[in-house]
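*Asks:* Quick one: this structure, given as structure tokens, is what I'll be asking you about.
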Amino acid sequence: MVLNVCKRPEIPTGKRNSRRYFSTTSQPEAINRVYQQNTDYYICKPGTFSLLIKAIQKVLTINWDEETEQAPRDKFLLSFT
């Protein structure tokens, strides 16, 4: 299951369409494919409720107004274990 979460439903003219993926898969091929499609972040769904809370807290701390470009490859994958 892949959920594409957009920052804004309508992207104003001149603004970049930012995208994040929330997925149950951690397969490198899938992550690489999404990265090549210029997605900003890839979030692997945690296996427990407490880790899901941790993931949500992390995502809520990111200042999305400052995230104007795709994350570097080494910071692209947000995984919680």
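*Asks:* What number of residues within the stretch 21-58 satisfy the criterion of being over 11 Å from the mean Cα position of the chain (by Cα), more than 19 Å from Glu69 (Cβ to Cβ) and part of a loop (DSSP other than H, G, I, E, B)?
*Replies:* Of the residues in that region, 7 qualify.
*Asks:* Now, a different point. Just the residues that are buried (at least 18 other Cβ atoms within 10 Å of the Cβ) and of a type in the set (Ser, Thr, Tyr), please, taken from the stretch 26-51.
*Replies:* Once the filter is applied, which keeps residues that are buried (at least 18 other Cβ atoms within 10 Å of the Cβ) and of a type in the set (Ser, Thr, Tyr), the stretch 26-51 yields Tyr35, Thr39, Tyr41, Tyr42.
*Asks:* Any residue in the stretch 39-64 that is among the aromatic types (Phe, Trp, Tyr) sitting within a Cβ distance under 6 Å of a residue that is assigned to a loop (DSSP other than H, G, I, E, B)? List the pairs, counting only those 6 or more apart or interchain.
*Replies:* Cβ pairs passing all conditions: Tyr41/Ala71; Trp64/Lys7.
Computed from the coordinates by the stated procedures, all read-outs in this text should not be read as laboratory data. Owing to the predicted nature of the structure, the values given are computational and were not obtained by experimental measurement. As a convention, Cβ positions derive from the backbone with ideal geometry for all residues, glycine included, and neighbour counts pool all protein chains shown.
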